[in-house]
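Shown next, in structure tokens, is the structure this report addresses.
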Amino acid sequence: MTPPTGPGLALPDGFLLGASTSAHQVEGNNVSSDWWAIENRPGTFVAERSGDAADSLHRWPEDMDLLSELGFNAYRFSIEWARVEPERGQVSRAAVAHYRAMVRGALERGLTPVVTLHHFTSPRWFSTLGGWASPDSADLFASYARVAAEILLPGVRHVATINEPNMIALMHTLIRGAGLAADDGTGRSAGGEPTGAELDLGSAEPDASVAQALIRAHRAATAVLKAADPTLQVGWTVANQAYQAEPGAEEAMAAYARPREDIYLEAAREDDWIGVQAYTRHRIGKDGPLPVPQGAPTTLTGWEVYPEALGEAVRHTADVVGPHVPVMVTENGIATADDEQRIAYTTGALASLASAMRDGIDVRGYLHWSALDNYEWGSYRPTFGLIAVDAQTFARTPKPSAGWLGSLARAGRIPEGPDGPGAPDGLPAAGPARVRSAG
Ligand code: BGC
């Protein structure tokens with residue numbers, strides 16, 4: 001793939017350029033969570049356990065030092081509900097203090113914190129009650145949001161209630177449908193547990209009642225957060241699939257996309273911002289989703305390498321949510337062992353974002369997934385990180401892509417495609433990171 005070259009788009013003042021992580025994927029030993037329970041029971045379908053992850057529970061100051069030295073001005077991380085409330089109604093003051101220190105630590109380093117309250121994992125007790133399907137789920141989540149407000153305030157401006165509710169509704173069908181929830185150690189399907197590959201997101205029907213429960217929980221948490229500080233900017237983040245209809249399949253695509261993506265965008269029309277998370281496209285034919293085109297390059301997660309998905313997702317989001325709700329890209333990246341490919345992919349993705357911004361879409365930030373190589377829900381093999389992590393010593397080593405993206409943040413410009421206006425004016429070239437490798 002040849003990265004587009006061009007003059008580069010000057011970013012508006014206050015634009016956030018940084019990277020993202022989630023607690024379970026980097027902290028390690030998230031022992032009170034439902035995912036930990038699933039990973040660690042005998043015969044689990046999960047190929048690899050999270051274990052110590054990147055040990056960011058202890059090494060978050062080093063992670064933040066690196067991000068700020070690289071030139072970034074923002075860091076998205078999540079608070080782990082299972083640590084804050086390991087048993088129902090029992091708040092861990094130590095966990096509250098821990099995450100409060102992270103908020104302060106980010107601000108001290110010039111990193112604007114963008115904080116997610118729920119990133120896929122829930123406390124095990126919540127799952128035992130039925131998870132999002134429990135009649136109390138919105139109230140329980142709102143109580144947690146009340147505690148989270150103590151962590152966020154003062155200092156945090158941008159908070160995401162729930163990460164990818166659309167993926168949660170699909171996972172609910174798959175995991176609970178197969179009797180694989182975390183609520184009992186033995187609840188396996190009669191035929192044994194499926195492999196990760198058999199949990200096919202493409203063919204699963206999202207659970208409509210869980211979707212409504214997630215929307216209720218989002219609204220309840222938003223009300224709690226706004227009551228704590230009306231200036232907090234509250235939103236949620238959606239997994240954008242950049243659906244493309246094959247000729248004649250426009251209606252089939254709209255019907256497929258609505259319960260999987262659009263209802264969650266529609267639910268954000270009253271929000272302060274909307275998080276876009278885009279990695280690849282999904283082609284839809286008259287009979288449903290189509291496989292990756294033959295011969296198309298794919299990533300370590302098996303997804304088609306398709307950087308333009310970002311611009312397409314941002315445009316679709318703005319169309320559905322409306323122009324009054326600003327967009328923040330809260331995830332975009334590529335699972336690859338080839339860091340040059342990461343730079344090429346990200347260059348293309350940023351060019352498609354710049355083009356959407358040129359067309360007037362109000363985009364307030366770009367947070368790359370991911371800051372670190374981390375636990376990709378069942379495996380450490382798909383490496384999304386700008387920074388490599390040694391599995392034994394946890395030493396962090398920024399990759400060239402980290403130095404490159406950080407220098408764009410410093411320059412306040414992102415690449416544009418060959419069609420971008422203006423004359424070339426020397427965007428930073430891709431080169432080795434100029435920060436220390438932390439040991
Ligand atoms: C999730 C991340 C995940 C990433 C790559 C997003 O769906 O929010 O947790 O690691 O995609 O698969």
(Q) Criterion first (surrounded by fewer than 22 Cβ atoms within 10 Å (Cβ to Cβ) and either free of Cβ contacts under 8 Å to residues at least 40 places away in the same chain or touching a Ser or Thr at 6+ places or on another chain (Cβ under 7 Å) (or both)) does GLU266 satisfy it? (A) no
Q) From the residues in the range 239-256 that are among the aliphatic types (A, V, I, L, M) and farther than 14 Å from GLU312 by Cα, which one is least open to solvent (accessible area, probe 1.4 Å)? A) ALA249
Q. Of the numbered conditions (1) open to solvent by 10 Å² or more (accessible area, probe 1.4 Å); (2) more than 22 Å from GLY28 (Cβ to Cβ); (3) at pLDDT 95 or above, VAL321 satisfies every one except a single condition; which is it?
A. (1)
Q: Scan the range 80-91 for residues that are in a loop (DSSP other than H, G, I, E, B) and closer than 12 Å to GLU150 by Cβ and jot them down.
A: VAL91
Q | Residue, nearest to the ligand (Cβ to nearest atom), within the range 335-387, restricted to residues that are in a strand (DSSP E or B) and open to solvent by less than 30 Å² (accessible area, probe 1.4 Å) | A | TRP369
Q) What residue, of SER122, SER134, SER127, is of a type in the set (S, T, N, Q), open to solvent by less than 20 Å² (accessible area, probe 1.4 Å) and within 16 Å of the ligand (Cβ to nearest atom)? A) SER122
(Q) Is it the case, given these coordinates, that THR112 is within 16 Å of the ligand (Cβ to nearest atom) and at pLDDT 95 or above? (A) no
Q. Are there any pairs with C-beta distances below 9 angstrom linking a residue in the range 106-119 that is more than 27 Å from TRP35 (Cα to Cα) to a residue that is surrounded by fewer than 22 Cβ atoms within 10 Å (Cβ to Cβ) and among the acidic types (Asp, Glu), with the two at least 6 apart or on different chains, and if so which?
A. ARG109/ASP65; ARG109/GLU69
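Here are some residues: PHE72, PHE77. Which one is closer than 24 Å to ARG157 by Cβ, part of a loop (DSSP other than H, G, I, E, B), open to solvent by less than 50 Å² (accessible area, probe 1.4 Å) and aromatic (Phe, Trp, Tyr)?
Numbers: PHE77 fails: part of a loop (DSSP other than H, G, I, E, B).
Exactly one residue qualifies, and that residue is PHE72.
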Q. Among the residues of the range 388-411 satisfying the criterion of being part of a loop (DSSP other than H, G, I, E, B) and either under 13 Å from the mean Cα position of the chain (by Cα) or in contact (Cβ under 8 Å) with a residue 40 or more places away in the chain (or both), which is nearest to the ligand (Cβ to nearest atom)?
A. LYS399
Q) In the range 18-69, which residues are in contact with a Lys or Arg (Cβ under 6 Å, 6 or more places away or on another chain), within 16 Å of the ligand (Cβ to nearest atom) and open to solvent by 10 Å² or more (accessible area, probe 1.4 Å)? A) ASP34
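The values are calculated or read from the model by the stated rules, or taken from the named source; none is laboratory data. In this text, all values refer to a predicted model and were calculated from it rather than measured experimentally. When we count neighbours, we look across all protein chains shown, and the Cβ atoms used for this are built from the backbone with ideal geometry, even at glycine. Remember, those area values only see protein heavy atoms, side chains included, never the ligands or the DNA or RNA. Shrake-Rupley method; radii C 1.70, N 1.55, O 1.52, S 1.80 Å.
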